[in-house]
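The values are calculated or read from the model by the stated rules, or taken from the named source; none is laboratory data. Source: prediction; values computed, not measured. Neighbour counts are summed over all protein chains in view; Cβ atoms, including those assigned to glycine, are modelled from backbone coordinates with ideal geometry. For the accessible areas, the whole protein counts, side chains as well, though only heavy atoms, and no ligand, DNA or RNA atoms are used. Shrake-Rupley method; radii C 1.70, N 1.55, O 1.52, S 1.80 Å.
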Amino acid sequence: MTDVSVFLSRRDFLTHTSCFGAYYALARLIPLPAMASAVASDKRVAPTPVIDRGFAAVYNIGNGLYATISDPSKGPTTLCNGGFLVGKDAALLIEGFTTCDGAAFQLQTMRTISKAPIKGALDTHYHFDHSMGNAFYGANNIPLLAHATAARRMVDSYSPLQGADKAATLAPFEKAVRDAKSETIKAHAQSDLAAITSVYTIANSSILGLPNHPIDPAKPLTIDLGGVTAVIESLPGHSGTDMIVRVPDQNVVYTGDLLFSGWYPVCFDEKATISGWRATLAKFASLDKDTLFVPGHGQLCGQDGIAAIREVFDDISAQAEKMFHAGVPVEEAQHRYLVPDKFKNFPIFAWGFTIGPAIAKLYAEWGNK
Ligand SMILES: [Zn+2]
């Protein structure tokens with residue numbers, strides 16, 4: 001609620017980016033493309049950022065609306081996108097990012113624009129790259145909003161990694177690399193090992209800041225900030241804890257990871273549902289044609305970004321369906337997907353976190369029919 005302790009507690013919670021070596025190696029492979037010309041020329045989007053720190057830049061994208069857009073190739077401080085909304089009475093922050101430094105960057109940037117009281121900081125879902133900087137907000141007395149089950153999912157997913165033996169944690173992933181029966185499978189296993197190494201490292205250099213204002217997913221929450229009204233609502237797809245922030249009268253949507261813009265979607269979560277996610281994307285596609293989307297990862301986009309990720313899902317589904325009907329076992333099918341030329345530039349975070357589980361989940365959905 002206050003900003004007086006921002007700079008003090010920033011030092012207290014300073015995260016040592018040197019801990020992120022493995023992660024950074026992975027992230028460096030993921031440069032942020034330039035804004036599409038249609039977005040860059042959108043009247044809502046300011047031509048120059050409020051601030052650009054390399055790892056992220058903050059853009060004014062509407063009346064009181066700001067988007068924090070990360071460039072993972074320039075450092076892992078924020079990694080995901082976020083943003084903030086400022087009205088004349090109050091402000092709302094979106095995302096806790098990967099580190100306390102990331103959350104501090106966003107809060108401090110917001111404070112250069114508005115001194116309004118902060119209603120809260122929303123994690124669009126519980127994943128580490130959206131929530132590991134929460135402790136910084138907590139230390140600044142900012143309420144932490146999230147889906148009602150997000151706190152539990154954070155504890156269940158990340159507490160077991162904290163203090164766990166690193167070698168034992170990584171062993172099954174290293175074994176998968178050793179046992180790989182082909183170069184393709186080996187490359188996939190190596191990408192998974194890099195990803196889990198990063199998650200382990202980040203979990204062990206973070207304090208879990210658990211959301212303390214659970215939002216009932218069955219009840220969309222309307223927040224009036226004074227001249228800026230946002231609706232927080234739950235939609236299925238990426239993590240079972242996904243919340244979006246919609247600003248209906250400006251046609252702007254902060255999607256969290258329900259939209260990967262120009263990326264392959266991360267589908268590993270046990271609560272991820274491919275059919276649910278595709279239904280969510282169909283809903284986004286049915287919104288106004290001029291809707292501006294702030295994705296969880298990748299560049300700001302319009303409806304073209306929604307169309308592109310729907311095409312990616314269509315392609316994964318079409319390739320998986322052929323294998324399903326040909327009787328290819330799921331373990332094999334997960335590795336056989338071929339990235340078509342038109343998606344060659346779409347980053348794949350790690351095979352076993354994206355394409356592999358998407359195929360496994362599709363097989364499960366079809367097998368259950
Ligand atoms: Zn996520």
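Below are the figures for this structure:
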quantity: The stretch 78-174, Cα convex hull volume normalised per residue, Å³; calculated: 104
quantity: Residues whose placed amide H lies under 5 Å from that of residue 147, excluding near-sequence neighbours; calculated: 215
quantity: Highest-MSF residue in the chain out of 106, 319, 334 [GNM, Cα springs under 10 Å]; calculated: 319
quantity: Carbon + sulfur, % of accessible area of the chain - ligands and nucleic acids excluded, 1.4 Å; calculated: 56
quantity: Length-normalised contact order of the stretch 276-369 in % [C-alpha pairs under 8 Å, at least 6 apart]; calculated: 23
quantity: C-alpha long axis of helix 274-285 to longest principal axis of the chain, angle in °; calculated: 40
quantity: Rounded to 5, the percent of DSSP beta bridges in the chain classed as antiparallel; calculated: 65
quantity: Helix-only mean residue ellipticity at 222 nm for the chain, each DSSP H run of n ≥ 4 adding -39500 (n - 2.57), per residue, nearest 500; calculated: -11500 deg cm²/dmol
quantity: Normalised convex hull volume, the stretch 245-327, alpha-carbon set, Å³ per residue; calculated: 92
quantity: Hz values of 3J(HN,Hα) by residue in the stretch 167-179 - Karplus curve (6.51, -1.76, 1.60), Gly and Pro given as x; calculated: 4, 5, 5, 7, 3, x, 6, 5, 4, 4, 5, 4, 7
quantity: Loop chymotrypsin sites (Phe, Trp or Tyr not before Pro), the stretch 245-280, which have at most 12 other Cβ atoms in a 10 Å radius of their Cβ (DSSP); calculated: none
quantity: Residue order for 155, 253 - accessible surface, 1.4 angstrom probe, largest first; calculated: 155, 253
quantity: With DNA, RNA and ligands ignored, accessible area of residue 115 (1.4 Å probe; Å², nearest 10); calculated: 150
quantity: Two-decimal Rg/Rh across the stretch 275-369, once Rg and the Kirkwood Rh are taken from alpha-carbon atoms; calculated: 0.99
quantity: All-pairs alpha carbon distance profile, the stretch 81-131, 10 Å steps from 0, percent; calculated: 28, 55, 17, 0
quantity: Probe 1.4 Å, accessible area per residue of the stretch 236-369, Å²; calculated: 39
quantity: Choice from 91, 167, 38 with maximal GNM fluctuation in the chain (Cα, 10 Å cutoff); calculated: 167
quantity: Among 178, 310, 246, residue whose mean-square fluctuation peaks in a GNM of the chain (springs only between Cα atoms under 10 Å); calculated: 178
quantity: Probe 1.4 Å - accessible area at residue 51, Å² to nearest ten; calculated: 50
quantity: Over the chain, equivalent-ellipsoid semi-axes from the Cα gyration tensor in Å; calculated: 32, 24, 18
quantity: Probe 1.4 Å - accessible area at residue 37, Å² to nearest ten; calculated: 100
quantity: Surface accessible to a 1.4 Å probe, per residue, for the residues of the stretch 126-167, Å²; calculated: 32
quantity: Calculated log₁₀ intensity ratio I(q)/I(0) where the Debye formula runs over C-alpha points of the stretch 168-309, q = 0.12, 0.20, 0.21 Å⁻¹; calculated: -0.64, -1.23, -1.28
quantity: HN-Hα J in Hz across the stretch 333-346 - Karplus 6.51, -1.76, 1.60, θ = phi - 60°, x for Gly and Pro; calculated: 4, 4, 9, 8, 4, 10, 6, x, 3, 5, 10, 4, 8, 7
